[in-house]
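Every read-out reported here was derived from the displayed coordinates using simple, explicitly stated rules and does not represent laboratory data. All of these numbers come straight from a predicted model, not from anything done at the bench. Don't worry about glycine lacking a Cβ; one is built from the backbone with ideal geometry, like all the others, and counts go over all protein chains shown.
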Amino acid sequence: MAMTMEMETKEEALKKGIAEFYDASSGTWEDIWGDHMHHGFYDPGATAPIRDHRAAQIRMIEEALRFAGVSDNPLKKTKKVVDVGCGIGGSSRYIAKKYGSHCQGITLSPIQVQRAQALSADEGLEDKVNFQVADALNQPFPDGQFDLVWSMESGEHMPDKVKFVSELARVAAPGATIVIVTWCHRDLLPSEANLTPDETSLLNKICNAYYLPSWCSAADYVKIANSLSLEDIKTADWSDYVAPFWPAVIRSAFTWKGFTSLLRTGWKTIKGALVMPLMIHGYNKKLIKFTIITCRKPA
């Protein structure tokens, strides 16, 4: 019982830290990068000025939908979507406009919910999208509600990956598509039980800045999906396609506009900025993998 209480206390502290981090940093991100709080998708080896990165973030959504096989056929259109870890609603609004879907976004950050609702009202999408503060591990929806379950760079924040994927599967309707785009560590070799101490140390420094629990691999996600009897499981390592992203984030953070914005938002955001080079180091070491996992709930 004592161990259970300790785990619950740690999870509550993690959720509080995540909410406060995004409450503080979302305005800075939006001011510089727009309403999509995720990596962009680029041609390998390409370089891009900052003004092109918003287009790359839209391309990330399109590439994820394509990889997952989400149909553009009006007769098979996506009708109900949940955006798990929705940020300020960029993916929800894009998908709602693309498919005419009704989208429900959840995040731990009250500030993000307020901003997502305001941006959606500005675009006349109040009847298509809605946002609320909610926990991805205990979603406030009945079983089988959504025909597209979308998680764009939120899985890395989840302390219990099994419960995370289980919740995604629970709220998915029969035959629904599940899309998870997330940060993973490399797959372990057959001879390895764990990452090396140096690798673990690097990831821990990133975790401390971005309020992340322990990382897992793409292979771990596949095992979880198999254990839940999910079908058509596919994964891909998109690390090469996101390579220009973190260097661009660093450049944008250390412009005068970015620097003054960091100072206004406080230590949590500044601490996140200071570890950005570690993300590049992790990608270069082939330790960090930008991963997409897609699957389908049995019909």
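Which whole-number percentage describes the relative contact order of the chain, with Cα contacts under 8 Å and a sequence gap of 6 or more? Intermediate values should be presented prior to the final figure.
Working: 512 pairs, mean separation 63.2, N = 299.
Worked out over the chain, it gives 21 percent.
Over the Cα atoms, compute the radius of gyration (one decimal) and Dmax (the largest Cα-Cα distance, rounded to a whole number) for the stretch 85-196, in Å.
Radius of gyration, then largest Cα-Cα span, for the stretch 85-196: 15.7, 55 Å.
Counting every Cα pair in the chain, what percent are over 24 Å apart? Numbers along the way, then the final one.
Numbers: 22712 of 44551 pairs.
For the chain, the fraction of Cα-Cα distances above 24 Å is 51 percent.
Scan the chain and report its longest stretch carrying no GluC sites (Glu not before Pro) that are both in a DSSP loop and have at most 12 other Cβ atoms within 10 Å.
With GluC sites (Glu not before Pro) excluded where exposed in loops, the chain gives 1-125 as its longest stretch.
Kirkwood hydrodynamic radius, the stretch 24-131, all distinct C-alpha pairs: what's the number in Å?
On the way: mean 1/r = 0.0689 Å⁻¹.
This gives a value of 14.5 Å.
In Å and from the alpha-carbon atoms only, list the Rg and Dmax of the stretch 161-211.
15.3, 43
Of all DSSP beta bridges located in the chain, what percent are antiparallel, nearest 5? Could you put the intermediate results ahead of the total?
Numbers: 15 of 35 bridges.
Looking only at bridges with both residues in the chain, the antiparallel portion is about 45 percent.
Roughly how many debye, to the nearest 20, is the charge dipole of the chain about its Cα centre, given +1 on each Lys and Arg Cβ, -1 on each Asp and Glu Cβ, and no other charges? Please list the in-between numbers first.
Details: 33 positive and 35 negative charges, 86 e Å.
Computed charge dipole of the chain: roughly 420 debye.
Could you give P(r) for the stretch 188-246, binned at 5 Å from zero, as whole percent values over all Cα-Cα pairs?
P(r) over the stretch 188-246, rounded to whole percents: 4, 13, 16, 19, 26, 14, 7, 1.
Apply 1/(1 + (r/R0)^6) to the Cβ-Cβ distance of GLN114 and LYS223, taking R0 = 41 Å, and write down the FRET efficiency to the nearest 0.05.
In this case the efficiency is close to 0.60.
Counting other C-beta atoms within 10 Å, and keeping those with at most 16, which DSSP coil trypsin sites (Lys or Arg not before Pro) do you find in the stretch 22-106? Working shown, then result.
Details: sites: ARG51, ARG54, ARG59, ARG66, LYS76, LYS77, LYS79, LYS80, ARG93, LYS97, LYS98; in loops: LYS77, LYS79.
In loop regions of the stretch 22-106 (DSSP not H, G, I, E or B), the sparsely surrounded trypsin sites (Lys or Arg not before Pro) are LYS77, LYS79.
Positive end of the charge dipole of the chain (Lys, Arg +1 and Asp, Glu -1 on Cβ, about the Cα centre): tell me which of LEU203, ALA176, TYR241 has its Cα farthest that way.
TYR241
Give the separation of the Cα centroids, the stretch 61-85 to the stretch 164-222, in Å.
Result: 23 Å between the Cα centres.
So, R0 is 22 Å and r is the distance between the beta-carbons of ARG66 and ASP237; what FRET efficiency does that work out to, to 0.05? All intermediate terms of the calculation are to be shown ahead of the outcome.
Details: r = 16 Å, r/R0 = 0.74.
The calculated FRET efficiency here is 0.85.
What are the residues whose amide H is under 5 Å from the amide H of GLY105, where those residues sit 5 or more places off or on another chain and H is modelled from the backbone?
Long-range HN contacts for GLY105: ASP83, ASN130, PHE131, GLN132.
What net charge is computed for the residues neighbouring LEU228, neighbours being all others with C-beta under 12 Å from the C-beta of LEU228, Lys and Arg scored +1, Asp and Glu -1?
Working: positive: LYS161, LYS163, ARG170, LYS223, ARG296, LYS297; negative: GLU167, GLU231.
The answer is +4.
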